[in-house]
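Enquirer: I am attaching a structure below and will ask some questions about it afterwards.
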Amino acid sequence: MPVDELSKGLEMTLSDTQKAGIFTCKGEFETGGTATAQIRINVIQKPTFVTKIEPVKDVHEGTSVSLNCQAAGIPPPTVRWIFENQDLSTIEDGRIAVEHGILAIKETRPTDAGVYTCEARIEERNEVVSVNVSLNVKFTPRIELPTDQSFVTQIGNPTQLNFTILANPSPVVSISWKGKVFEDADIKKMAESQDRYLYFFEFTPASQEDISELFITAANELGSTEKTVALQEEKGLGTGSILAIVLAILLVILLVVDASCYYKRRRGLLMYCRNNILDKKSSRTSAENNGKMLSKSGKSTVVNVSGIEA
């Protein structure tokens, strides 16, 4: 490629990475002298994935799974797997291993589900490409109750039972109580987050016979699970007992107030009742008796009373 009378250029397209190397430019002059210059041509290639990676991978709980991620580039890129912002090659877990771009997981668990990222990187040029794989772990339903103890309820009072079901795929839920099966509209779904489902069931025991057991059943395409909820009657206080307790409390308060008034040399409630009710009744009775005595004898009765007695 002529440039001017003193220089020339060369254009080329390398079709093979093996054609890279040292290129020499040689110049010959009319004086018979020569001059040379050399340049090394290095071929580079951006990292690319050479294996087909499925965007979603389904696996059953307890089985093993392998995710293959191979990448090419010049120089060869470094391949690693990342899950929840952690390089899986650094995990010291016998279940999970990464070797030559292959991620192997043994005995998969529901916690293994999520998005895995395969990353191919050429550090020399800071070039990075990545691809994501969603691992979907399917498992039979699990039923979680707020407590493993008996569920307490009262006869005649509406009672709400909350429970959680872990399942993938989503479960079909039913409850058996008193020989009747409840489902769909009778069982309310309050929340849903990935493989976790929160339900509640409201019921009202009408008699002692209703304080028995509830049977919760959750099923999906992989199987079903049943859990028994034992009901227990809450022993509350009756109306008579509550009234007796209230009266006792009022009596104690009355005695405390009266004793306080007594020690402070004031007239308490009991003293007030004595002076204004009992004394007046006693005076009225005495007056009536004196009147009767006067009416019979015509004279009043004289009683000698000492000063101390007075």
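Enquirer: Does the stretch 174-196 contain any residue that is part of a loop (DSSP other than H, G, I, E, B), in contact (Cβ under 8 Å) with a residue 40 or more places away in the chain and in contact with a helix residue (DSSP H, G or I) (Cβ under 8 Å, 6 or more places away or on another chain)?
Expert: yes
Enquirer: Could you say whether any residue in the stretch 152-174 is β-branched (Val, Ile, Thr), modelled with pLDDT of 90 or more and under 30 Å from LYS52 (Cβ atoms)?
Expert: No; the residues of the stretch 152-174 include none that is β-branched (Val, Ile, Thr), modelled with pLDDT of 90 or more and under 30 Å from LYS52 (Cβ atoms).
Enquirer: Here's a follow-up. What number of residues within the stretch 111-136 are outside any strand (DSSP E or B), open to solvent by less than 40 Å² (accessible area, probe 1.4 Å) and either touching a residue at least 60 places away in the same chain (Cβ under 8 Å) or touching a Ser or Thr at 6+ places or on another chain (Cβ under 6 Å) (or both)?
Expert: Final tally of qualifying residues: 1.
Enquirer: Still on this structure, I have one more. What about THR63, is it out of contact with any helix residue (DSSP H, G or I) (no Cβ under 7 Å at 6 or more places or on another chain) and either part of a strand (DSSP E or B) or open to solvent by 100 Å² or more (accessible area, probe 1.4 Å) (or both)?
Expert: Criteria not met by THR63.
Enquirer: Moving to a separate point now. It is to be established whether one or more residues within the stretch 44-54 are over 44 Å from the mean Cα position of the chain (by Cα) and more than 30 Å from SER130 (Cα to Cα).
Expert: No - not one qualifying residue is present in the stretch 44-54.
Enquirer: State all residues of the stretch 90-110 that are farther than 22 Å from PRO55 by Cβ and in a helix (DSSP H, G or I); if no residue qualifies, say none.
Expert: THR90
Enquirer: Further, regarding this structure: Name every residue in the stretch 3-24 that is at pLDDT 80 or above, in a strand (DSSP E or B) and either open to solvent by 100 Å² or more (accessible area, probe 1.4 Å) or among the hydrophobic types (A, V, I, L, M, F, W, C) (or both), in order of residue number.
Expert: ILE22, PHE23
The values are calculated or read from the model by the stated rules, or taken from the named source; none is laboratory data. Just so you know, these numbers come straight off a predicted model, no measurement behind them. Every residue, glycine as well, gets a Cβ built from its backbone with ideal geometry; the counts of neighbours run over all protein chains shown. Side chains are part of the model used for accessible areas, which takes the heavy atoms of the whole protein and leaves out ligands, DNA and RNA. Shrake-Rupley method; radii C 1.70, N 1.55, O 1.52, S 1.80 Å.
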